[in-house]
Structure formats: C-alpha cells, structure tokens
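K.L.:
Here it is, the structure, as structure tokens.
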Amino acid sequence: MNSLLRPQLPGLSLGTRRASPAPAPRRLGALALGSGRRCRRGMAVASAAPSWLEEVGMEVLEEGGRRNPSVSDSYRPEGLPRPNATVLEAQGRVCTGPGQTRPLGEEQAMRVLDTILRSAMGELKDEPVSNAQLGAFFAGMTIRANSFPEATQWSEGERRAMTIFWPRLVQVLPPEVKFIADPEGTIMGANGLTGPRYIGQGTGEMRLVGALREVLAGGHLGYEEVQCVLKDILPAGPNTNLTVVSEALLAAFLIGQRMNRETDRELKAYCLAFDDELGPPPVADVKSLTHYGEPYDGNTRFFRSTLFVAAVRACYGESCLLHGVEWMPPKGGITEGQMLKFMGANTHLTPTQAKTLLEDENTGFAYLNLQEACPPLHSIIGLREHIKKRPPLATSEKVQQFVRARGRESMVAGFYHEGYEDPLLMLMRRRTVHAGLVVKGEEGALSMTTKERSAHASKGLPVNHCSGFRTPNSTNFSEADGVSRESFRVIVNAQELGFESTETPRTDRSVLKNLELGLAALGREKGAAYDRIVLNAAMVDHLLGCSGAEDINAALDRAREAVDSGKALRRLMSYIKISHKVS
C-alpha cells in the first residue's frame, strides 16, 4: 500500500460612518461582462471591461484557468491513497472529545468491524482500510472505554459487535493495532494479551509506544516528552533518514492527544518542536510584521479574504506573512496557496526569499508553504486525511514565526470551537509578540462578516468575536515583561461602523470565484467582498494597536484609500511577478 506520508521536500472605539452605496453587482465567471465574448473555462473578455480587469489583464485568470484546476478539491496531491469511507465515517463519530463523541449503533458497528476484517484479510483491494485509520479508530475506542464519561463510552451495540468480531480480528490485525485496541489487556479479555507485551521496533517507536500507553489511558504528557516523540518520528516517510514508525501508532498518538484535550504544555510542545528545523529564522528589516494563522484546511463555503487584506495592509507599511499549504484535510477548502498558484505566483519560497518580499517596497507581504517552511509537518498531510479529525497540529501550526522582524511583531489566528481561544492566545504570548488577536470569523477562518447577526443564531461565541492583547505604543516592550500588555475582548458590529448588512458571497470551493470576488473588490468594485476586505484590514490594524489606527474611522479610511487608489491591486500583481525573481 502506498504510504500516506508526504515525501520531505481594552475596548473598541466605535464610530458610525456612512458606507458607500454599492452599485448593482456584475456577475463574473459564467456570465459575460458587458457585451464581451466568451472565453475558455467560463471567463469572458469584455469590450467595456471593469477597470480592475484592465489593470490586472484578463490573461492572469485565463492563464491560471489553463494551468490549474479551479476547484479546491482538485488540489489534493496526486498519489495519496484515499481512506476507506465506511471506517472514516465512524471515525468522525468516535474520534472526538468527551462531550462530542457519538457512539455507534449496533448495525453501524457491525458494518465497520466487518469492513476492517475483510480489509485485513486482503478482500478490499479497491478501498482498503489503512493502518492510519486502524490506529485512529481503535485509539478512539480505547480512550472512550478507559476515560470518557458514561454517555460517550461504548454503546451496548458496540460491545455486542466487538464481542462477535474481535476473536477474528485478533488473528489478522498487526501487533501494533492490537496494542492500540487494548494496551493493558483490560478491554478485550483473554483476547487482549498482545498489548501489555508490545514495545515497538526501534528507539523512536519504543518511545512512541511508551507515550501512547499514557495517552490511551486518557492521560497527558510533559512538554519535553511530547517534543522528544515528535522529533523522533517526524519527518515521516520512506525518504527520510529516520526510522519509519508505524502509521497506526502515529495516527493513534495524534488523535489521542486531541481527544484528551491537550494541556497548555502539550500544545506548546507541538508549537515549538520544529522552530530550529531550518536554523534561526531570517529577520526582515520592516517596522511592523503581522503573522497570519488561517486554518490550513481552507474555506469550503464563503469568500476567503485574507490574501487581499494582506495586499491592502502592506500599502501603508503593515507587512504581512501568510503561511499554509496548498491542500489540507479534513475540509480541503480554498487556501491562499491555491489562489496564488492559480494566478501564477511562486508558492514555494524559502523563508529567506519570503523575507526579501516582505522588505520589497513593491510587495510588503509574502506567502510560505509548509513544505519549505517546516518539512516535518508537511510530511504527514496524507496521514491527517486518514485520521479524519483535526490533530493538535491544527491549532499549533497557526502560531508560527517562520520569519522575524526588526520592528513590531503581531499574530492573528482564526478559531471556531470553544476552548481554543485561550490556548491560541497563550501560544502567541509564548512567541513574545507585541500583540496577538484571535478571531471567530466565518467558517472558523479570519474573515469577519458585515452580515447582521440573526436573532436565531446558534449558541456559543458569535461570529466576529475577537479577543487578544497588545502593547501600548507608549510602552517599551520587553520579551520578559507581560505586565505591559493590555487585554481586550469585543464583538465587532459592522453596522455600528457604517457598513450595510450583506450576505457573505458564496464560493463553494471555487478558487476562480474567490479570486474574481477579491480582484474585483481590489479593483474598486463596491459590494460585499469590498466591504469585508476593508473591514478586516482596518479592524486588525485597530485591535492590534497599529500606528495610525488608534481611531477606527481613520483606520477604515486608510484601508479604503489603499483599495480605491489601486495600490493594493498593484501590489498583488507585483507579488506574482517578483515572487519568481527572488533568489
């Protein structure tokens, strides 16, 4: 079976402002613009094209359409084996937290265990159950049996199904999976004798097995222990100099730590484990740098604005470093890497090349792919698809400093699930940045919305909830001094800032649609996308305490000027060209 592992390669001062009325929107994509002729891939060249098309040149999107897929799903790396759908669905139910797990009914449990049995016997050639799926599924079952509350422990149906299938499974499953299913011989009775004796193969795997015994019992690990395990086993895959560890053990470890809800020390270990992987990070000679931590798995429904926000903020000296991957499970949505690749930019820069782009007066922002920025973490993208749920890395990877700055540094990260707001801020403080901001944006990403909140909105933190810390401009910042930082929590109300309530544009995994919306907005086409880009640029400036953004209305005016002058669009287009020239 092909390996799943990738080869190494305080308060808010709100004022009211009258928003500019939006003209009737022009549909881009499948519909022609003006009276223009149709082009390939559904685009059109207009005889009276909007100004942004004249500045960008239609060939940017046309050429992108010829060379790249326009739907985010199509960016999934070639050659990665797909997980077994039956078992993956079950993993979505049982490989999650103590309050979120949904036990399987007897019928589904029978079907899942039968699928695992037939796969282990070699009968499912077209859709086998991977070792990573086996590790994740049985880790979920074991942790539930050992430490979950009664409501989310095994159902009676699961118990009956396991009683029937385990005597046969124990004959065909590999020893590491039998260990994961019953590490101490207390779950499966007489058929669970492998677990207590299992030690693994090689130093790295032996250390991993020792850590897994604690994790599978519902326990936690120390900072050094997690770091040692990660450095022992990553980068993973056949093209590394390290001993290849079992994908079942690695998957069990990653999903097990998330199911147990990582402690602060465990998250810090994930966050800092590979800081020195490529040596000390380069230092950009810029006065201000914001590190953007968007969820790596992208957007599947709504407009993703951060790439365009970065181009806006760069116009007035707020340099921005974006980082991510081209495609990441579980969502496999639209990412900045996909959009930049579609437009023809170089998306495989080194941190040193990114530093050059940050310093360039014609760009002022940069994008780093995890493949170049941190190869060990990039090596397990395939495995992450097979464990189904997000591992601890999905939190820690958003708080990285692949490039440092001589001036002020800030961090911004998006979140969705309650419980991760404070851990993200803790990690940012550990990074000793001057300001940190976490945003519950649309789809758990960074984009705040201008849509008015419905009276029937779901419970929990609302969209546009923001919290963070910042160092007042009058204070001399010291890395060892946390007292000088002031904290804040606020819900951003776009209507109080003068924005009309508008529905968020749908993109539904279309990279092309997301680009059309963003480029049209940067080309001064007013509407929902334009408003979101301006709101997000100005609000980040204001909340982070950036120079010149103390007054929110002044910050909004500055962001609008960067768009309406055409500067932001020219920066984005310059980035595409200059990204190929840096050395």
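What follows is calculated from the coordinates using simple rules that are stated; it is not laboratory data. Owing to the predicted nature of the structure, the values given are computational and were not obtained by experimental measurement. Quick reminder, even Gly has a Cβ in these numbers, built from the backbone with ideal geometry, and neighbours come from all protein chains shown.
K.L.:
Using each residue's phi in the range 104-118, evaluate 6.51 cos²θ - 1.76 cosθ + 1.60 at θ = phi - 60° and report the 3J(HN,Hα) Karplus result to the nearest Hz, with x for Gly and Pro.
P.N.:
Using θ = phi - 60°, the values come out as 7, x, 4, 4, 5, 4, 4, 5, 5, 5, 5, 5, 4, 5, 5 Hz.
K.L.:
Say R0 is 60 Å: what FRET efficiency, to the nearest 0.05, do residue 550 and residue 164 get from their beta-carbon distance?
P.N.:
Taking R0 as 60 Å, the efficiency between residue 550 and residue 164 is 0.35.
K.L.:
Let me ask you something else. If you average the sequence gap of Cα pairs under 8 Å that are 6 or more apart and divide by the length of the range 283-582, what percent do you get for the contact order?
P.N.:
So the answer I get is 24 percent.
K.L.:
Next question, about the same structure. Determine ³J(HN,Hα), in whole Hz, for all residues of the range 494-502 in sequence, where each value follows from phi through the Karplus function 6.51 cos²θ - 1.76 cosθ + 1.60 and θ = phi - 60°; x replaces Gly and Pro.
P.N.:
5, 5, 5, 9, x, 8, 6, 6, 9
K.L.:
On to the next question. About the Cα centre of the range 332-420, what is the dipole size in debye to 20, counting +1 per Lys and Arg Cβ and -1 per Asp and Glu Cβ, all else neutral? Present the calculation step by step, with values, prior to reporting the outcome.
P.N.:
Values: 10 positive and 9 negative charges, 61 e Å.
Dipole size: approximately 300 debye.
K.L.:
If you don't mind, another one. Summing Lys, Arg as +1 and Asp, Glu as -1, what charge do residues with Cβ under 13 Å from the Cβ of residue 196 carry, residue 196 excluded?
P.N.:
Taking every other residue near residue 196 into account, the sum is +1.
K.L.:
Can you tell me which of 120-132, 440-452 comes out highest on packing, and rank the rest after it, using the mean Cβ neighbours within 10 Å?
P.N.:
Top to bottom by mean Cβ count within 10 Å: 440-452, 120-132.
K.L.:
By the gyration tensor of its Cα atoms, with a ≥ b ≥ c the square roots of the eigenvalues, what is the shape of the range 283-582: rounded for a/c under 1.5, prolate for a/b over b/c, or oblate?
P.N.:
The shape class here is rounded.
K.L.:
Show me the ranking of peptides 157-167, 245-255, 327-337, 460-470 by mean Cβ neighbours inside 10 Å, starting with the highest.
P.N.:
245-255, 327-337, 460-470, 157-167
K.L.:
Can you list residues whose amide H is under 5 Å from residue 582's amide H, if they're 5+ apart or on another chain and H is modeled 1.01 Å from N?
P.N.:
none
K.L.:
About the Cα centre, and with charges only on the beta carbon of Lys, Arg (+1) and Asp, Glu (-1), how big is the dipole of the range 283-582? Nearest 20 debye, please.
P.N.:
That gives the range 283-582 a dipole magnitude of about 560 debye.
K.L.:
Excluding residue 119 itself, what net charge comes from residues whose Cβ is under 12 Å from its Cβ, given Lys and Arg +1 and Asp and Glu -1? Before the final figure, lay out the partial values.
P.N.:
Working: positive: 118, 125; negative: 114, 123, 126, 127.
Once all neighbours under 12 Å are counted, the net charge is -2.
K.L.:
Would you calculate, for the chain, the mean residue ellipticity at 222 nm contributed by helices, counting each DSSP H stretch of 4 or more residues as -39,500 (n - 2.57) and dividing by all residues, to the nearest 500?
P.N.:
-12000 deg cm²/dmol
K.L.:
Give me, ordered by chain and number, the residues 5 or more places off residue 71 or on other chains with an amide H under 5 Å from its own placed amide H.
P.N.:
511
K.L.:
With +1 on each Lys and Arg Cβ and -1 on each Asp and Glu Cβ, and nothing else charged, work out how big the dipole of the range 85-261 is about its Cα centre, in Debye to the nearest 20. Please report the intermediate quantities before stating the final value.
P.N.:
Values: 16 positive and 19 negative charges, 19 e Å.
With only Lys, Arg, Asp and Glu charged at Cβ, the dipole is about 80 debye.
K.L.:
Moving on. Summing Lys, Arg as +1 and Asp, Glu as -1, what charge do residues with Cβ under 10 Å from the Cβ of residue 341 carry, residue 341 excluded?
P.N.:
Taking every other residue near residue 341 into account, the sum is -1.
K.L.:
Taking amide hydrogens as modeled 1.01 Å from N in the peptide plane, which residues meet the under 5 Å criterion relative to residue 84, leaving out close sequence neighbours?
P.N.:
For residue 84, the qualifying residues are 130.
K.L.:
Decide, for the range 353-468, between rounded, prolate and oblate: order the square roots of the alpha carbon gyration tensor eigenvalues as a ≥ b ≥ c, take rounded if a/c falls under 1.5, and otherwise choose prolate if a/b is larger than b/c, else oblate.
P.N.:
Oblate shape, in that a/c is at least 1.5 and b/c is the bigger or equal ratio.
K.L.:
Under a crude label model (7 Å from the Cα following the beta-carbon direction), how far is residue 193 from residue 89 in nanometres?
P.N.:
3.7
K.L.:
So, one more: Would you mind pulling out the separation of the Cα centroids of the range 259-289 and the range 416-449, in Å?
P.N.:
Using only Cα atoms to place each centre, the spacing works out to 15 Å.
K.L.:
Which order do the peptides 367-374, 557-564 take when ranked by the mean count of other beta-carbon atoms within 10 Å per residue, highest first?
P.N.:
For the peptides 367-374, 557-564, the packing ranking is 367-374, 557-564.
K.L.:
Rounded, prolate or oblate: pick one for the chain, where a ≥ b ≥ c are the square roots of the eigenvalues of its C-alpha gyration tensor, a/c under 1.5 means rounded, and failing that, prolate if a/b is larger than b/c, else oblate.
P.N.:
Prolate.
K.L.:
Apply the Karplus parameterisation 6.51 cos²θ - 1.76 cosθ + 1.60, with θ equal to phi minus 60°, to every residue of the range 394-401 and state each ³J(HN,Hα) to the nearest whole Hz, in sequence, with x for glycine and proline.
P.N.:
For the range 394-401, the Karplus-derived couplings read 5, 8, 5, 5, 7, 10, 10, 10 Hz, x marking Gly and Pro.
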